[in-house]
Amino acid sequence: MGLLIRGIHYTRHFSSVSQNQNELSHLTKLINISKARAEYLAIRHPVIKKMDKTKLKELIDTLHDLGYPKETLVKEPLLFSLLPITLRYRYRILNECGITNITASHVAAYLNLVKQKTIGELKKSGEIQSMMNVENRLASYMTQWPTSLTTLINDDVNNYTLQMLRLRIIQRYLELVLDLTNEEFNRGILTYPTIKHRPLEVLNETLTMLQSQIMLPTHKIKSNLYLVQADPDNLRQIIYNFRSIGGIDIKEVIRLHPKVATKNFSSLMAIREVLQEYGISNEAQKKCFEIYTLGPNTIRERLENAKTIPEFNAFFNHPRFLKMIYFNKTAMKRLMTLYNNNKKCLSLNILSGSSSRYEAFEKAPGDRLGKGKDLIFCLTQALGRNYTSSEVRQIIRRHPFWINIPLVQVKFVHQQLSKEYTPKDIFENCPILLYPWNKVNEALSIMNKRQKHVQNKSLEHLNLSCLNNSQKLSLALYFLESNHYFSGNGVWTEEKNKPAPNSLQLESRTVAQQ
């Protein structure tokens, strides 16, 4: 055992070392440095080991766009820890503040420049021209800044840091545009601190797009202040290239669910591809726009898991199925709790709906499907949409216990019958789907002469070969109820009037294994 454990540790260590060597090889090739230099940088700055080739190339391209050579990373290795968007924003903020000749060192030392040094100190050191009016320069980036308001700071602005001055201007701007109070601003900055590190021009552009193009009401921006920090370039891509969700204009979607505006455009495209891959309809997407606020990998993982859980898989083609994916943790918790309480007639609303609806179902005596809408929908889908919901309901409701049978059991019986019987045969005998498969299978065996029917000797003289499949299913229904005086109690297992607790679990496991 000790040798096995050491072997596992050695394998993991070797795999880790191999991966690190692979990342370092990208570093040596892309920046054109020696292997020894790359290893030294990785030791001093461990974040390098976590960067793959794509991330490293994106960082180098961003530096190139800003006018810096790729060798800058070797001179200023702290830049490895910055995201490309952060790098761009820092450069733009320093430019807005009037920093002359912005070097990579300025970008790396951004926090020290804007938070620690006063404007007077920066002017004295030559970082900012001594005659520059920093306040007016910053205010000029706000298109809605009133021209009559030339001075916001009454005391000596040279005693302020760039961070302090920018915050005062941002606060005044949001006060003018959104009617934001002092308390609302302070709370917003505390909750979304990255607002402090957005270029003023970016904030202005984002707010203009939210108000003028998306037509988002002011009160909604105020209540979702994280929108202020959205990247305008990304937002523009969403509006013009992503365009819609489920056929609904993306602007309308954002008005309903503002969080979509903050999602990365590439992530939204990846989510759309995942949903198309799994055959999720536009109708389902329209009923759950929130699904686009999750990550594509999370959605894929949850959809895969849903296929293995009979209670989830039964609703896969339902228009509101994505609610179960979005509220996946809640749905799973409810499913386990209800099964432990021997409640198995579960609907989509019970698993992913409001807490009040769920609690009412959990506390209610008995076990039933409510109005049976989910059962009718799933049966209509299973029959190939050859029959309307009202037609299916008209036949299935003939059985007195049609809303007392778990949907997973009904679906399993349909899957078995559909191997030999047409949708028409099954539709004409819909109530047979409510019976446990072991009973249905036993009754059908009589039709196939696999065993002798002992209770009804008169049937021995019946020529079963003259019956069509629909008639055979009708006769099977007769057998299923003949011992129960046609009361409908044949749907239960041995314990009268109660679904067997182990029967459904057994069939659920069978479905999961298929």
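The values are calculated or read from the model by the stated rules, or taken from the named source; none is laboratory data. Keep in mind that this is a model prediction, so the values were computed, not measured. Positions of Cβ are generated from backbone atoms using ideal geometry, with glycine treated the same way; all protein chains shown enter the neighbour counts. Remember, those area values only see protein heavy atoms, side chains included, never the ligands or the DNA or RNA. Shrake-Rupley method; radii C 1.70, N 1.55, O 1.52, S 1.80 Å.
Would you mind stating whether PHE312 is farther than 24 Å from LEU210 by Cβ, modelled with pLDDT under 95, open to solvent by less than 70 Å² (accessible area, probe 1.4 Å) and assigned to a helix (DSSP H, G or I)? So PHE312 fits the description; yes.
Got a number for residues in the stretch 125-139 being in contact with a strand residue (DSSP E or B) (Cβ under 9 Å, 6 or more places away or on another chain) and charged (D, E, K, R)?
Final tally of qualifying residues: 1.
Return yes when ILE153 is surrounded by fewer than 18 Cβ atoms within 10 Å (Cβ to Cβ) and touching a helix residue (DSSP H, G or I) at 6+ places or on another chain (Cβ under 7 Å) and no when it is not. In short, yes. Evaluation of ASN317 against the conditions (1) at pLDDT 90 or above; (2) closer than 22 Å to PHE412 by Cβ; (3) within 25 Å of the chain's Cα centre (by Cα); (4) open to solvent by 60 Å² or more (accessible area, probe 1.4 Å) shows that the sole unmet condition is (1). Residues in the stretch 41-53 that are of a type in the set (Val, Ile, Thr) and open to solvent by 100 Å² or more (accessible area, probe 1.4 Å): ILE43 alone. Under the condition of being among the basic types (Lys, Arg) and in contact with a Leu (Cβ under 9 Å, 6 or more places away or on another chain), which residue from the stretch 281-309 is surrounded by the fewest Cβ atoms within 10 Å (Cβ to Cβ)? Once the filter is applied, the top-ranked residue is LYS287. Looking across the stretch 328-353, the residues that are of a type in the set (Gly, Ala, Ser) and either open to solvent by 20 Å² or more (accessible area, probe 1.4 Å) or at pLDDT below 90 (or both) come down to SER347, GLY353.
Screening the candidates ILE291, ILE280 for the property of being assigned to a loop (DSSP other than H, G, I, E, B) and aliphatic (A, V, I, L, M) yields one hit, ILE280.
Count, please, the residues in the stretch 177-193 that happen to be in a helix (DSSP H, G or I), within 29 Å of the chain's Cα centre (by Cα) and within 14 Å of LEU227 (Cα to Cα).
4
Report whether or not ARG398 is at positive phi and assigned to a loop (DSSP other than H, G, I, E, B). So ARG398 fails the test. Under the condition of being among the acidic types (Asp, Glu) and either part of a loop (DSSP other than H, G, I, E, B) or under 20 Å from PHE321 (Cα atoms) (or both), the residues counted in the stretch 239-276 number 1. Within the stretch 50-61, the set of residues being within 29 Å of the chain's Cα centre (by Cα) and not in a loop (DSSP other than H, G, I, E, B) comprises LYS50, LYS53, THR54, LYS55, LEU56, LYS57, GLU58, LEU59. Taken together, the residues in the stretch 92-117 that are open to solvent by 30 Å² or more (accessible area, probe 1.4 Å) and either touching a Pro at 6+ places or on another chain (Cβ under 7 Å) or not in a helix (DSSP H, G or I) (or both) amount to 7. Say whether the condition of being open to solvent by 30 Å² or more (accessible area, probe 1.4 Å), at pLDDT 85 or above and under 37 Å from the mean Cα position of the chain (by Cα) is met by at least one residue in the stretch 15-27. Looking through the stretch 15-27, none of the residues is open to solvent by 30 Å² or more (accessible area, probe 1.4 Å), at pLDDT 85 or above and under 37 Å from the mean Cα position of the chain (by Cα).
Residues satisfying the criterion are absent from the stretch 194-208 (criterion: out of contact with any helix residue (DSSP H, G or I) (no Cβ under 6 Å at 6 or more places or on another chain), of a type outside the set (Lys, Arg) and over 23 Å from GLN229 (Cβ atoms)).
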